[in-house]
Structure formats: structure tokens, C-alpha cells
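The block underneath contains the structure these notes are about, expressed in C-alpha cells.
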Amino acid sequence: MDETAAVIDIGGWGRSWAVGAPLIVLTVVVHVIGLGLIRAAFHRALPRPAAVIRAPLPHFALVMSVTVSLVTLLHVLQAALWAAAFMVTGALRTSHEAMLYSLGAMTTYGHAAIYLERHWQMLGALEALNGAILLGLSTAFLYAMIQQAWPGTR
């Protein structure tokens, strides 16, 4: 590949960054707001420190199960935002392919044999980066919630 071809190839990544960078910001903002709403609901569901819990372990399991389910839904919502971007840009043809690719990229699973058009491949890498960030935020959030919800720690 000559130098001109390399510059053109790198220059083609600009479209991916123009779509991907705002999507990263949008999904992080949506994620943080969603985690904040989940946290508020979580604290409403926990009894006051003076309250007596007759079954602390089942209560903990219920609260954490609901919390994890809501966090999972947040990730699905963000994958759907990326899938919509793949559809709008023409990087993928069908909504099924777009969502499957998006979940694979976001979770770094990447097992499905679905490939983006060559000039959109950087966009897929940006989604994987975004997924790592979102999964890190979710892990930290869930760890903090477990610390607060574990029976006898409040």
C-alpha cells in the first residue's frame, strides 16, 4: 500500500469517528442517568436502618436481581442505539444483523459472522470500546449496590 492509499484509508475512518464519538458520549450519559435512576429506586426498596427485615437474604436476592435486570436492560438499550446507527449509516442491512452485531461488539463476544462494510469497521471497534466503558461502569455500580444491600452492612 503506497502512502497516498494509507492516508485515504485512515481518512475513511473520519466517518466512523463522526458517528461513533457522539454515540459514545450519548450512551455514557444515558447509562449514568439510568444507573442514577436505578440507584434511587434501589434505595427506596431498601428498608430504613431501624426497620426489621424478617428475611434479609431473600430481600437482598430480590433487590439485586431486579437491579441486575435493569442494568441489563440499559445495556440492551445502548446496543439498540448502536444498531440504529449501523442501520442509518448503511453499515448493516437488517435490524436483526445490526442488533446481533451490536450486542456482539458491545460485549466483545463477536462470535456472529456479521461484518460491517469496510469503511465502517472502525465504528464497530468504537462500539467495543464503548461497551468496555459501559460494562466497567455497571460493574462498579453493582459492586457498590451489593455493598449497600448485603444483609447486616447498613
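At a glance:
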quantity: Any chance Leu92 is within 11 Å of the chain's Cα centre (by Cα) and surrounded by 14 or more Cβ atoms within 10 Å (Cβ to Cβ); calculated: no
quantity: Every residue from segment 78-95 that is closer than 16 Å to Arg15 by Cα and not in a helix (DSSP H, G or I); calculated: Gly90, Ala91, Leu92
quantity: Residue list for segment 123-154, filter: crowded, with 19+ Cβ neighbours inside 10 Å and more than 17 Å from the chain's Cα centre (by Cα); calculated: Met145, Ala149
quantity: When residues of segment 98-116 are limited to those that are of a type outside the set (A, V, I, L, M, F, W, C), more than 17 Å from Val88 (Cα to Cα) and surrounded by 15 or more Cβ atoms within 10 Å (Cβ to Cβ), the one modelled with the highest pLDDT; calculated: Gly104
quantity: Residue identified as assigned to a helix (DSSP H, G or I) and either more than 20 Å from the chain's Cα centre (by Cα) or loosely packed, with under 12 Cβ neighbours inside 10 Å (or both) among His119, His75; calculated: His119
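Quick grid of which residues meet (1) farther than 29 Å from Ala41 by Cβ; (2) without any contact (Cβ under 8 Å) to a residue 40 or more places away in the chain; (3) among the basic types (Lys, Arg):
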| position | (1), (2), (3) |
| --- | --- |
| Pro56 | no, no, no |
| Ala61 | no, yes, no |
| Val66 | no, yes, no |
| Leu77 | no, no, no |
| Trp82 | no, no, no |
| Ala91 | yes, yes, no |
| Thr94 | yes, yes, no |
| Glu97 | yes, yes, no |
| Ser102 | no, yes, no |
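The values are calculated or read from the model by the stated rules, or taken from the named source; none is laboratory data. Quick caveat, the model's predicted, so the values are computed rather than measured. Every residue, glycine as well, gets a Cβ built from its backbone with ideal geometry; the counts of neighbours run over all protein chains shown.
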